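Novice: Take this structure first; my questions come after.
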Amino acid sequence: MALWIGTAVALLLLATIATVGLTAFRIRQPRAALLALARAILQLGALSIVLTGILHDPLWVGIGLAVMFAAAVGTAARRARAPASQLLPLGLSMLLGPLVVMSIVFVTGAIEFSPRYVLAIGGIVIGNTMTIAILTQRVFRTSVRDHWDEVEGWLALGATPRESTLDLGRRAIHTALLPSVDQTRTTGIVVLPGAFVGAIFAGASPLEAGRFQVVVLACILAAGVLTAVILTRMTGAVALRPADEPAS
């Protein structure tokens, strides 16, 4: 009981710090951190209860991953402010990236093909892919809008809509992948990643935990690259200047 009380007090203090900091600097939506934390508590509580019953059942693991994927696509569409015409490209790119990398690691035997590992790797990769998809879309749209004169110049010279935004798409992909690349580069020096720490706590040796984490990081990078490239390729033909972003 004391552990749970201590956890509650710590969470309350940390949430207060985040909220007061955002309020003091007049950041928009100062309660966003508090609401996000509250939502995480509810979701993780529900997930912990559900996982107890489905962790070793392939069917329920598949259903769980499908729910995660649907939620990720919905969140990405909302956060990236993707129009209805881009929902299919967004969903396909976020599906193909994780599917390819998970197929590789399980077929090669790099990670044991079992329901618990499928769920763990799938959840990690889908979550990171969602973030990369959001960044790719938002950065690309902003770049096209801010450099519309350049795009119009290419169009006037006879370039196709896809050709006119090709360089902007490349820049968007580079920017979207920076957090994942930096996380990978600093792992073990600046960052102790969650998969590594979790494997240690689960009883794995540090060497085995390190091997597992490297595979996870490679999955995140590969899935992110595939998702960003496919998404930009499918949505890069822009013939009209994107509308200004509404205030959130």
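The values are calculated or read from the model by the stated rules, or taken from the named source; none is laboratory data. Small disclaimer: the values here were computed from a predicted structure and weren't measured. Cβ sites come from the backbone with ideal geometry, for glycine too, and all protein chains shown count toward neighbours.
Novice: If I ask for residues that are in a helix (DSSP H, G or I) and closer than 22 Å to Ala222 by Cα, which ones from segment 75-85 would you list? Working first, answer last.
Specialist: If we filter segment 75-85 for residues that are in a helix (DSSP H, G or I), which is where we start, we get 75-79, 84-85.
Once the filter is applied, which keeps residues that are in a helix (DSSP H, G or I) and closer than 22 Å to Ala222 by Cα, segment 75-85 yields Thr75, Ala76, Ala77.
Novice: Listed residues Leu166, Leu178, Leu157; which is in the same structural domain as Thr136 (by TED's automatic domain parsing), among the hydrophobic types (A, V, I, L, M, F, W, C) and touching a residue at least 40 places away in the same chain (Cβ under 8 Å)? First the steps, then the outcome.
Specialist: Values: Leu178 fails: touching a residue at least 40 places away in the same chain (Cβ under 8 Å); Leu157 fails: touching a residue at least 40 places away in the same chain (Cβ under 8 Å).
Only one candidate qualifies: Leu166.
Novice: Among the residues of segment 24-48, which ones are surrounded by fewer than 12 Cβ atoms within 10 Å (Cβ to Cβ) and either touching a Ser or Thr at 6+ places or on another chain (Cβ under 9 Å) or in the same structural domain as Arg116 (by TED's automatic domain parsing) (or both)?
Specialist: Arg28, Gln29
Novice: Name the single residue, out of those in segment 91-119 being hydrophobic (A, V, I, L, M, F, W, C) and touching a Gly at 6+ places or on another chain (Cβ under 9 Å), that is farthest from Gly64 (Cα to Cα).
Specialist: To start, the set of residues in segment 91-119 that are hydrophobic (A, V, I, L, M, F, W, C) comprises 92, 94-96, 99-102, 104-107, 110-111, 113, 118-119.
Among the residues that remain, those that are also touching a Gly at 6+ places or on another chain (Cβ under 9 Å) are: 102, 118-119.
Working: Met102: 16, Val118: 11, Leu119: 8 Å.
Among those residues, the one meeting the criterion is Met102.
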